[in-house]
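FYI, it's all coordinate maths here, none of it is from the lab. These numbers were taken from a predicted model, which means no experiment stands behind them. We place every Cβ from the backbone using ideal geometry, glycine too, and count neighbours over all the protein chains shown.
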Amino acid sequence: MTVESDKVPAGFGLAKGKKSRSQSLGLARYLVIRFLLIIPTMFILISMVFFLMRITGDPITAALGGRLPPDQLADRIHAAGYDRPVLIQYFDYLGDILRGNFGTTLSDNREVTDILAQYGTATLELVIYALIVAFIIGVPFGMIAAYKRDRLPDAFLRLFAILCYATPVFFAGLLLKLIFSVWLGWFPVSGRTDYLSELSGLRNPSGLYLLDALRAGNMTIALDVLKHAVLPAIALGLLIGGVFLRLVRTNLIGTLGSDFVEAGRSRGVSEYRLVTKHAYKPALIPIVTVMGLQIALTLGGAILTETTFGWKGLGFMLAEYLTARDFVAVQGIVMLIAVIVALTNFLVDVIAALIDPRVRY
Amino acid sequence: MSHEREPGQDPNTASPDDGKPVLSISGLEVTFATDGGDVHAVNDVNLDVRPGEVVAIVGESGSGKTVTAKTILGLLPETATSAGVVLVNGSDVLSVSASQLRDLRGRDVAMVFQEPSTALNPVHTVGWQIIEGIRAHAGSGHRISRKEAKARAIEALAKVGIPDPGHRVDFYPHQFSGGQKQRVVIAAALALNPGLIVADEPTTALDVTVQAEILELLRELQRKDGTSIVLITHNMGVVADLADRVVVMYRGDVVEEAPVADLFAHPQQDYTKELLAAVPHLGRNSASAGLEERAHSEAEVLVRATDLEVEFPGGIGKSAFRAVGGVSFQISAGEVYGLVGESGSGKTTIGRSIAGLNKITGGSLNVLGYEMLDFRERTFKPLRKDIGFVFQDPGASFNPHLTIGECVAEPLWVHQDPTASGARDRVRDLMDAVQLPGRFVDRYPHELSGGQRQRASLARGLALNPKLLIADEPTSALDVSVQAAVLDLFKEIQTEYGFAALFISHDLAVVDMLADWVGVLYRGKLVEEGIGSQIMGSPRHDYTRRLIASLPVPDPAEQARRRAANRELLTD
Amino acid sequence: MDTTTSKPARQPRWTRLPIISHLRKSVGLQRTMLIIGLILSGILFLTAIFAPLIAPYGYAQASADGANFGAQMAPSAAHIWGTTVGGYDVFSRVIWGAQTAALVIVLGVLMSIFAGVILGLVSGYLGGWVDRLLVVIADAIYAFPALLLAIVMSIVISGGQSNLFGGIMAAAISITVVFIPQYFRVARAETIRLKAEPFVESAKVIGTSNLRIISRHVFPNATRTMPLIFTLNAAESILTLAGLGFLGFGIEPSSAAEWGYDLNKALADATSGIWWTGLFPGLAIVLTVLGLTLVGESMNDLNDPRLRGRRRAGRKKRGGPDMPADAYVNGTGLEVTK
């Protein structure tokens, strides 16, 4: 079929030979443009959260309304500037954020940035563990499911993946706790460590407890930290792992059906190599892109996991502040998550671009 | 290349080593399971291919030729069951174990695919892909080192005429042009020097000038290395150019088998005769035969392009792409203007610009007195009833949720305000005009065949008696025999209704059959314009010459003469 | 409008309805998955409708015949799944919870389909700067954790605590806002794909008005993937609802039964080995989401020829495994040629 394409015809001449300057500039330009695209994303999220939270009224009334006499309440509202026009508050807030000032919590009067710094690392540590679990589950089993598609192992793995997705993290956590902590007693019920004082006594703690324990050379603490991490990591890891499994399976099936895999087969390449080498790398580009979008799922899951296991991270604190109706703190944490989401999506696109030679050259 | 083997001679002279056949198929049956029950794709096919022989399997869609080709490498999908014997170098592909089959593939028989851009893995270098095949056969004792494999990959690339192979072995597929990609695919097939190559429509996705180069390459391989080739194709010109022997398939059966010269000169079976008669032959049936000057030149001018320019904006940070630049031409009432060019020449863009589907960005394009540079949908709409359009893909150009009758009536509802019975009568008339049975009005598009749909598409284009009909590759998605019928119909209706037409095609022979005046486009420029028969007979521009020389004619003897005569033109 | 023709009926119309047509063309494993999914989803909706008949007690009932049920009672004849820490009957609350879940699914998904699809159609068809702006906004929302957005929305709508109607509406609207971008993206992508289809272009060449093109040519063809997203989002909305309830943004136990809320309360029970308060509402969530996801996934596979399983012919198989059958056999012919 002759299809007119809009592309410049390659014709019978030679295609561009060496990597020309303009081509390597292409990647740099792509990255710059992609980076600039973060700005509108963050701007939209920040604005959206700000205005949504303000529709309901000011945070002080929300937190203290009914507990303070009306005149005192009005004074505090005035002092905090919440009686000014919303647009002025908005531009103030934008300015504050640009300067790295996310405000002060109402319930315990702390800088939101402090909370972010203190609890952010805990969430990071949990997410890292969970991602390790997710990759161990998702990638190899996704490959097996794709290769054995429509046969028994595939049916089993698909059902497993759907179950991972269908089970709320807090229910999975509850079951894990019940079985492995309460009944079998293998792992602690909640928390991050039993050696909090030892860990916080370290100089320049990173906040990643395992790293800190290893730096201090204390294997007892390191083991304790790991024991605390096992159940939360599995609960969150299963959720993400199920998604990864389906992603790998679907995309691999797509590339396994492509002409170039058949071409490899026609040259006598083994089925194992066709799956692991020929089909996997092209499938990786969409896989990585969509995995990046799972950062939203991961963070949402982390909030629930932390609450379930008393893991004092951002999600745990978010739930605490929500209960305390401290919307300044809530807004700060939500904003930070928006920033993390935008940055992660950028990083993922960079990785995808590096895998894909069509962008790289 | 000093000497050229004449195809059409006794094939045995080309392959004196008339030993055991490299491929021997007997009693092959292939059945597919589909939603609608089992489909017999191939029935009782018997075929031998001797060393050094080029055997073409020709047929239209559904003939079973591709299935036969895939069977030779054991590449049928799970839904297929097969019976019979397919011997490749003495082992039966249908009964050997999986690992034996793997050994066989690439070593004894290799495949060249239709679409080179999908047959190459986009994220691995071409060298890696060739090496994969080489190292897959490293078993039985000695391992092939990476270095050695790479040397052999470079050697294979050199053999297929990739310049600077030592450097380009590390290139990714997207860094090659379409024709070069197909050379790489051939190199990968050749890496282990198999005695047999199965080439499945190896030039169908390529432009005709590139096709000529690939055919030359295959011929050379066969001549120098004595490689046998099973050539799967629907293109009779390609068959005449390359094959020694021809197997004609129709609906899973072998209809006829003969040496190439005999088949073209004295086809035995009715199907073969019809098939050959339907193939357009450059220089025959020219619509403009005997014309001395441009017809209709005194009639009203419907379309006048002056230095027409169409640019498409590039993505962010990319420069705009100029699809058409500085093209001037005119179409008068009643005239059939043939626009011919390869992919990327801008021919489709011009057709779409006239119909207001593309904005033009420079020069002037006057359509029925309307300047397209100032295009506004609102002001152009009244003129749309005078322009009909026939799209390339008849399957996609009908709304799947509407019946054929509703689709054909759509222009009436938009521009006139017909009564229900008035519309029904008009649709009836149109269906008659395009020779479709009246009961088809109640059918849905997917219930019609490709040719029937294209007739209906023509009926829709003519619904409002337009002054101008734009036909964009209207027959290139159709089988050859269907194409012939649709072209005849087009010609007949054009004579009867007398509308002007812009007929766009990549196929010179087709354009020459229909158009009195022909324009040749090359990379967005109109390089030559003139009376069809004169352009085909004595082209003035180099590109036109090359285009004509590249097009194989469906006659082995004539094609061999043309090839010899055009040697220099094709190899520079 | 319906002009020259009457509709031919090769097959009865109902066989072309989404789920039924999927069921008809499914085979083997995929058919099993689809049927299990349909059964589970059916159970949910039947339970929701007949909750008053099935549940032995009300969702906020902590006593019968003047006697309190007692808190955290183990399963017994009177309370087959035991009682909660608040002294409610677990079985009854799980049954009533189906009603809340079904209501939220129906409300949330209907509202988001409506808004999302219309926005997507118009935005995709017209293009231009409005389209670009909407895409950036939709992408930003899409990338954001659904749960967080739902939390923010429920703060906006109900200040975080609510009665039955307010709670369900808050949850449904939160879910709507979360899912609008998804419908928007899908409807827009379909529209853009269709816009380039020759049959839409041929309508344009004829001079058909934009409204007529969208309503007659684009919309009927753009709804192909909607049932799929519908089921997947229904599943996700259950999870979002449960997540909200778990974080304390659910519906007060006196207003309605909600599984996520009960799980929240059951968390502390689990530490002391009380399993029945958490297990049953948890299982209800899992089975509901599982059912809806199975339906959605099967439809997805059946819509995508690459993923669709085929009957195998005869007994003997040949050739490499795992290849898409459609490359060889499609409706018309058996080959991929010109």
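Once you list every other residue whose beta carbon is under 15 Å from the beta carbon of A:Met335, what net charge do they have if Lys and Arg are +1 and Asp and Glu are -1? Taking every Cβ under 15 Å from that of A:Met335, the sum is -3. Applied to segment B:361-367, the Karplus parametrisation 6.51 cos²θ - 1.76 cosθ + 1.60 on θ = phi - 60° returns per-residue 3J(HN,Hα) values of 10, x, x, 9, 9, 9, 10 Hz, with x for Gly and Pro. Here the spin labels are modelled as points 7 Å beyond Cα on the Cα-Cβ line, and at B:Ala564 and A:Leu343 they lie 7.5 nm apart.
Peptides C:173-181, B:531-539 ordered by packing proxy, namely the average of other Cβ atoms within 10 Å per residue, highest first: C:173-181, B:531-539. For the cross-link pairs B:Lys359/B:Lys525; B:Lys467/B:Lys525; A:Lys227/A:Lys312; B:Lys20/B:Lys181; B:Lys347/B:Lys491; B:Lys381/B:Lys467, which exceed 23 Å when the distance is taken from alpha carbon to alpha carbon? Too far apart for the 23 Å limit: B:Lys467/B:Lys525; B:Lys20/B:Lys181.
Peptide A:307-314 has a mean shielding of 2, counted as Cβ atoms of other protein chains within 10 Å of each residue's Cβ. Counting, for every residue in B:197-203, the Cβ atoms of other protein chains within 10 Å of its Cβ and taking the mean gives 1.
Given in Å, the Rg to one decimal and the Dmax to the nearest whole number for the Cα atoms of the protein assembly as shown are 34.9, 111.
If you take the beta carbon distance between B:Gln435 and C:Ile39 as r and set R0 to 35 Å, what does 1/(1 + (r/R0)^6) give as a FRET efficiency, to the nearest 0.05? The formula returns an efficiency of 0.10 here. Taking amide H as placed 1.01 Å from N in the peptide plane, B:Ile229 has its amide H under 5 Å from the amide H of B:Glu53, B:Val54, B:Val55, B:Ile197, each at least 5 places away in sequence or on another chain. When the square roots of the Cα gyration tensor eigenvalues are ordered a ≥ b ≥ c, the ratio a/c for chain A is 1.5 or more and a/b does not exceed b/c, which makes its shape oblate. In terms of packing, defined here as the mean over residues of other Cβ atoms within 10 angstrom, the peptides C:99-108, B:520-529, A:269-278 line up highest first as C:99-108, B:520-529, A:269-278.
Where in segment B:286-313 is the amide nitrogen less than 15 Å from a point lying 7 Å along the Cα-to-Cβ axis of B:Arg540? From segment B:286-313, the list is B:293-294. Counting Lys +1, Arg +1, Asp -1, Glu -1, what net charge surrounds C:Gly207 among other residues with beta carbon under 9 Å of its beta carbon? Summing Lys/Arg as +1 and Asp/Glu as -1 gives +3.
Distance between the pseudo-spin-label points of B:His266 and B:Ser91 (7 Å out from Cα toward the beta carbon): 4.2 nm. For A:Ala161, what charge total do you get from the other residues with a beta carbon under 12 Å from its beta carbon, if Lys and Arg give +1 and Asp and Glu give -1? Overall, the nearby charge balance is +1. Where both bridge residues fall in chain B, DSSP classifies roughly 55% of the beta bridges as antiparallel.
First measure r as the distance between the Cβ atoms of C:Ser63 and A:Asp108, then evaluate 1/(1 + (r/R0)^6) with R0 = 60 Å and state the FRET efficiency to the nearest 0.05. Efficiency computed from Cβ-Cβ geometry: 0.90.
Between helix A:38-55 and chain A there is an angle of about 40 degrees, using the helix long axis and the longest principal axis of the Cα atoms.
For segment B:308-424, a Kirkwood hydrodynamic radius built from all Cα pairs, placed in the Stokes-Einstein relation at 4 °C and 1.567 mPa s, yields a translational diffusion coefficient of 78 µm²/s. Secondary-structure-derived ellipticity at 222 nm for chain B, considering helices only, amounts to -10500 deg cm²/dmol, per-run term -39500 (n - 2.57) for DSSP H runs with n ≥ 4. Basic side chains Lys and Arg get +1 at the Cβ, acidic Asp and Glu get -1 at the Cβ, and with that the dipole of the protein assembly as shown about its Cα centre reaches some 1940 debye. DSSP bridge analysis restricted to the protein assembly as shown gives an antiparallel fraction near 55%, rounded to the nearest 5. Taking other C-beta atoms within 10 angstrom as a stand-in for reagent exposure, A:Ser181, C:Ser209 fall in the order C:Ser209, A:Ser181, fewest first. For segment B:451-539, the antiparallel share of DSSP beta bridges with both residues in that region comes to about 55%. Counting 0.36 nm for each residue step from A:Lys227 to A:Asp92 and taking away their Cα separation leaves a gain of 44.1 nm.
Applying 1/(1 + (r/R0)^6) with R0 = 51 Å to the Cβ-Cβ distance of B:Ser449 and C:Ser272 gives a FRET efficiency near 0.10. Spin-label model, B:Lys491 to B:Glu292: label points 7 Å out along the Cα-to-beta-carbon direction sit 2.4 nm apart.
When the charge dipole of the protein assembly as shown is built from unit charges on Cβ atoms (+1 for Lys and Arg, -1 for Asp and Glu) and taken about the Cα centre, the candidate among B:Leu551, C:Phe179, C:Gly128 whose Cα reaches farthest toward its positive end is C:Phe179. Straight Cα distances below 19 angstrom link C:Lys265 to the aspartates and glutamates A:Glu306, A:Glu320, C:Asp89, C:Glu252, with same-chain residues fewer than 8 positions distant left out. Both radii come from the Cα set of segment A:214-288: Rg as radius of gyration, Rh as Kirkwood radius; their ratio Rg/Rh reads 1.28. Here's the picture: a label point sits 7 Å out from the Cα of A:Trp186 along the beta-carbon direction, and within segment A:141-179 the residues with their amide nitrogen under 13 Å of it are A:176-179. Note on chain B: percent of Cα-Cα distances in each 20 Å bin, starting at 0 and stopping at the bin with the largest distance, equals 19, 49, 29, 3, 0. Measuring spread by the Cα atoms of segment A:27-128 yields a radius of gyration and Dmax of 17.5, 61 Å.
Peptide B:392-402 shows a mean partner chain C-beta count of 5 within 10 Å per residue C-beta. Distances between placed amide hydrogens fall under 5 Å for B:Thr34 paired with B:Val39, all partners being 5 or more residues away or on another chain.
Our estimate of slack between A:Ser47 and A:Glu320, defined as 0.36 nm per intervening residue step minus the Cα-Cα distance, is 95.9 nm. Calculated over segment B:388-474, the projected area of the Cα convex hull averaged across directions stands at 5.1 nm².
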